[in-house]
Each structure stands twice: as C-alpha cells, then as structure tokens.
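Only the coordinates and a few stated rules stand behind these numbers; no lab work does. Remember, it's a predicted structure, so these values are computed and weren't measured experimentally. Cβ sites come from the backbone with ideal geometry, for glycine too, and all protein chains shown count toward neighbours.
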Amino acid sequence: MGIIEYKVFEIIKPCLNCNSFVLKPKTDLKLNLEDIIETIEERKFIIKVYTGSMLSIFKECKINIYISGKVVIITKDYELIKKIEKELSSILYPYIQSEKMQSEEN
C-alpha cells in the first residue's frame, strides 16, 4: 500500500520582493489551533507564540498558522516551502476533515 498525500493548500507567492510564501487552504475553515499544538510539537516544530488566533512556530524557518487555515512561511527557498506544505498538510488534514464534518452536521 502506498503513502497517501493530502493536498490541503495552494502555494501562493505574495510578491516578487517578499521573503515569504502563503499557503492558502483549498477549503474555508476555522482551525482550533490549540488542538494542533501537541501534534506540531511531536513533529519537532518549536512553538514560538500562541495568541489564540495565530500560532507562530519554527522548523528551518518561521511559520505562522492562522485560525483561518492560512499559513505564512518566511523563506525564499521554494523546495523548503514544498516540504513544509507536505508536512503541514499531513498534520492539518485530520483537523480539516473533522471541521468539515461538524459544519455538515449543523
């Protein structure tokens, strides 16, 4: 059986001069960031700041995850962006599915 890859995000380069990329969720959602902190730490990300609406983490570069699911990755290294996108997709996919199921029930 092969590995399943989840494509949760669309990678966007905000501007040519910016030192960052934005990962935009493919679906509208509202993440409970508190729920993902433990999983993030298990994957060796360092938690820098948690404000309730934004989680700032570090692993090879600074990463901000917002309650809307938008992720800002501060780096110009596109290969690193793809690696982080794949890792965050695998972390966030179960939470996104859970969020979808809850909204469908309401």
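One table, with the values for the structure above:
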item	result
Spacing of the two label points (7 Å from each Cα toward its C-beta) at Glu42 and Lys62, in nm	2.8 nm
Those GluC sites (Glu not before Pro) in region 38-93 that DSSP places in a loop and that have at most 12 other beta carbons within 10 Å	Glu60
